[in-house]
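First the structure, in the form of structure tokens, and then the observations on it.
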Amino acid sequence: MQINLESIGTILTEFTQANNMPVQPCGGENSIAKIVIKNEYVEGLKDLDGFSHIYLIYYFHKTKEDKLEVIPFNDKTNSKRGVFSTRTPVHPNKIGLSLVKLESIKDNIIEIRGVDILNETPLLDIKPYIPNFDFVNGEIKSGWMKSSLDEVKEKKSDNRFS
């Protein structure tokens, strides 16, 4: 089956290289970025300004390879993990997902906060964060991930996935 995806816009951030940038959105909580939406998609932004947070689905355009096993940034044991149990950029389809705070929308420009994304990243889609949809009830497990929120916030990338 052939799947064709087209960028709906471009994410513009302060991060021009993968080294030393946040590895998760919570680590970039003070980083503000802009998304430039292509004109043909601006009508789709209607009513988005009523949401406090949005999911960005994007393409890791600078990732050159994919791997099935990786050592993730926040793994305290430095063990190889299956790529599908991680949020690394070296997945076979190189699709990224970030939950960011929506600051404003003006015409085709969206301002966001809490960014862990490289500059000029192609945006594939936007989805609103809706707590009643995204709430998980019951037992929650995080597998191998044992880092505290503070540790995740402080973690910066290195060159292992660039």
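The values are calculated or read from the model by the stated rules, or taken from the named source; none is laboratory data. Note that the coordinates shown come from a computational prediction; the quantities given were computed from them, not determined experimentally. We place every Cβ from the backbone using ideal geometry, glycine too, and count neighbours over all the protein chains shown. Ligands, DNA and RNA are stripped out before the accessible areas are found, and what is left, the full protein with its side chains, is counted by its heavy atoms. Shrake-Rupley method; radii C 1.70, N 1.55, O 1.52, S 1.80 Å.
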In the stretch 68-78, the residues that are crowded, with 16+ Cβ neighbours inside 10 Å and more than 24 Å from Asp134 (Cα to Cα):
Val70, Pro72, Phe73, Asp75
Return the total of residues in the stretch 73-94 being touching a residue at least 40 places away in the same chain (Cβ under 8 Å) and in a loop (DSSP other than H, G, I, E, B).
10
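Residue under question is Lys62, and the condition is that it be in contact (Cβ under 8 Å) with a residue 60 or more places away in the chain, part of a loop (DSSP other than H, G, I, E, B), farther than 25 Å from Ile3 by Cβ and open to solvent by 60 Å² or more (accessible area, probe 1.4 Å); does it hold? I'd like the intermediate steps shown before the answer.
Details: in contact (Cβ under 8 Å) with a residue 60 or more places away in the chain: yes; part of a loop (DSSP other than H, G, I, E, B): yes; farther than 25 Å from Ile3 by Cβ: no; open to solvent by 60 Å² or more (accessible area, probe 1.4 Å): yes.
Criteria not met by Lys62.
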Sole miss for Asn132 among (1) touching a residue at least 24 places away in the same chain (Cβ under 8 Å); (2) not in a strand (DSSP E or B) is condition (1)
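Filter the stretch 103-120 for residues that are assigned to a loop (DSSP other than H, G, I, E, B) and open to solvent by 50 Å² or more (accessible area, probe 1.4 Å); which is nearest to Asn159 (Cα to Cα)? Let's see the steps before the verdict.
Let us first name the residues in the stretch 103-120 that are assigned to a loop (DSSP other than H, G, I, E, B), namely 107-108, 114-120.
Keeping just the survivors that are open to solvent by 50 Å² or more (accessible area, probe 1.4 Å) gives 107, 120.
On the way: Asp107: 36, Glu120: 19 Å.
Checked the stretch 103-120; the qualifying residue nearest to Asn159 (Cα to Cα) is Glu120.
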Which residue pairs have Cβ atoms under 8 Å apart, sit 6 or more places apart or on different chains, and have a first residue in the stretch 24-43 that is open to solvent by 80 Å² or more (accessible area, probe 1.4 Å) and a second that is basic (Lys, Arg)?
Glu29/Arg113; Glu29/Lys153; Asn30/Arg113
Out of the stretch 121-160, which residues are surrounded by 12 or more Cβ atoms within 10 Å (Cβ to Cβ), farther than 14 Å from Ile57 by Cα and touching an Asp or Glu at 6+ places or on another chain (Cβ under 9 Å)?
Trp144, Met145, Ser147, Lys153, Ser157
Please enumerate the residues belonging to the stretch 3-23 that are of a type in the set (S, T, N, Q) and open to solvent by 80 Å² or more (accessible area, probe 1.4 Å).
Asn4, Thr16, Gln17, Asn20
Output the residues belonging to the stretch 45-58 that are in contact (Cβ under 8 Å) with a residue 40 or more places away in the chain and open to solvent by less than 90 Å² (accessible area, probe 1.4 Å).
Leu45, Leu48, Phe51, Ser52, His53, Ile54, Tyr55, Leu56, Ile57, Tyr58
Kindly indicate whether Val90 is closer than 21 Å to Glu151 by Cα, of a type in the set (A, V, I, L, M) and surrounded by 14 or more Cβ atoms within 10 Å (Cβ to Cβ).
no
Looking at (1) farther than 14 Å from Asp116 by Cα; (2) crowded, with 17+ Cβ neighbours inside 10 Å; (3) modelled with pLDDT of 95 or more; (4) not small (Gly, Ala, Ser), which one does Arg81 not meet, given that it meets all the others?
(3)
